[in-house]
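Read through the structure below, which is laid out as structure tokens, and then see the notes.
Derivation of every value follows stated rules applied to the coordinates shown; laboratory data play no part. Remember, it's a predicted structure, so these values are computed and weren't measured experimentally. Ideal geometry is used to build each Cβ from the backbone, glycine not excepted, and the neighbour counts take in all protein chains shown.
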């Protein structure tokens, strides 16, 4: 294929690839969202929970960090789907499988960031008369959120690539759109390089958002090393 | 900050789930979902506009119009297509699918509508006079020591396993997600030959340094698959097939997709 032919193909394929990218973004937003809403309570249980709670959280952690993402996808889509009366759309299956998995990984991120907030903070809060839950909610979690942002940016870029598995259960996202174009035109390198470039842009844009959040939530007095490390 | 982020995520999640609920509201005519392998020209693939196209796509659309139902065509990963049918997320498979005993244990098939053989593709090399010449012939392409590429889960794979490997011919089999990847590896040199359905092979070798060196007469028959026991859809499809084969439309579609280059 000549260079101009390749360029023409890329330009003509962009609309459909970008449509796929929208589905990919929808997937990652919902998966990360599910991961966030479940991951924070899980992390709190990991760090502050009663022993039996910690046990349950540990089992959740082993299962959802232990199974490969694709296996989880199939278990949710075909396993749950084959139960009478349960109708799971492919999108929902992906959100559940990848979201619950992300929750397990995010719980570890928040656990680390909660522990990074000094013990002194909890002691100081309690000495001011706050109960433990109040202290966690008003003092520790906000600080922990700031510390969790680098790890979250990492989780974002990982889950973004995991969404490429969604075609295995029928969600037409970016990579599968690329596959269809390749099947029609046989222009493998051209199309897959374009798809890779789009993933790169999506990854970098998301990571930029997390960097901005890091700056907005930076804790005064904690030093400027963080700024240097954000490249 | 915490609340703001949570609320935004929560709203996004609710919006998405609601929109999917709304999308599943039924129309007037019965709607059947047709799953296809979107990387299988000329029977089913996706065209430049992102719409499903191909012989089987047009046949099913014609049958739907004739028999009075709506059809929605969805690309599904080939490895997962029968499980997806069984689970109920699609109602039929119309995608150049061969009727085999093993598949009959899982699904019901319509009457056969087309018959194909398998083709063996090899690389073309350039000889002293600058003429393209196949690297192997039909016998040396599948002889002992060769590596053969096929699409996973196809009759090509089964044929090679049953007729070569099980019979003691020491060929190596490489499995691919799609026949296209097998052809890519053939051109790179990772496999010596690629075997696939003949119509697909003819489309795969256009504009590439590969050629068909022979066909394997399996006389396989294609049929459309439905869930076991889905009598209603099965009879709709069978009736539709009878009608389209009796009409001019059949000749036109065969001419357009399956004959010639």
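Using the C-alpha gyration tensor of the stretch A:98-231, what are the square roots of 5 times its eigenvalues, in whole angstrom, with the largest one first?
Over the Cα atoms of the stretch A:98-231, the ellipsoid semi-axes are 41, 17, 8 Å.
Ellipsoid semi-axes for the stretch B:86-179, based on the Cα gyration tensor and the rule √(5λ), read 32, 17, 12 Å when sorted largest first. For the protein assembly as shown, the equivalent ellipsoid derived from the Cα gyration tensor has semi-axes of 50, 27, 21 Å, listed largest first.
With each label modelled as a point 7 angstrom along the Cα→C-beta vector, the residue A:216-residue B:190 pair spans 4.4 nm. Compared with the dominant principal axis of the Cα atoms in chain A, helix A:3-48 is inclined by about 20°.
Could you work out which residue, out of A:67, A:167, A:36, moves most in a Gaussian network model of chain A, that is, has the largest mean-square fluctuation with Cα springs under 10 Å? Answer for the Gaussian network model of chain A: A:67.
Give me the inter-chain shielding for B:5-11: mean count of other chain Cβ atoms within 10 Å, whole number please.
Across the residues of B:5-11, the mean count of other-chain Cβ atoms within 10 Å is 3.
With a 10 Å cut-off around each Cβ of B:89-102, the average count of Cβ atoms from other chains is 1.
I'd like the antiparallel share, as a percent to the nearest 5, of DSSP beta bridges with both residues in the stretch B:116-220.
Antiparallel bridges make up about 65 percent of those DSSP assigns within the stretch B:116-220.
The share of alpha-carbon pairs in the stretch B:21-119 lying farther apart than 24 Å comes to 22%. With coordinates expressed along the principal axes, the C-alpha atoms belonging to the stretch A:3-229 extend over 70, 51, 22 Å, beginning with the largest.
This ranking places A:78, A:3 by how few other beta-carbon atoms lie within 10 Å of each, fewest first, which gives A:3, A:78. Inter-chain neighbour count for A:182-189: the average number of beta-carbon atoms from partner chains within 10 Å of each residue's beta-carbon is 6.
Expressed per residue, the C-alpha convex hull volume of the stretch B:156-261 stands at 142 Å³. Across every pair of non-identical alpha carbons in chain B, the mean reciprocal distance, once inverted, gives a Kirkwood radius of 20.4 Å. The distance between label points at residue B:217 and residue B:250 comes to 2.4 nm (points 7 Å beyond Cα on the Cα→Cβ vector).
Beta bridges per DSSP, both residues in the protein assembly as shown: antiparallel share near 65 percent.
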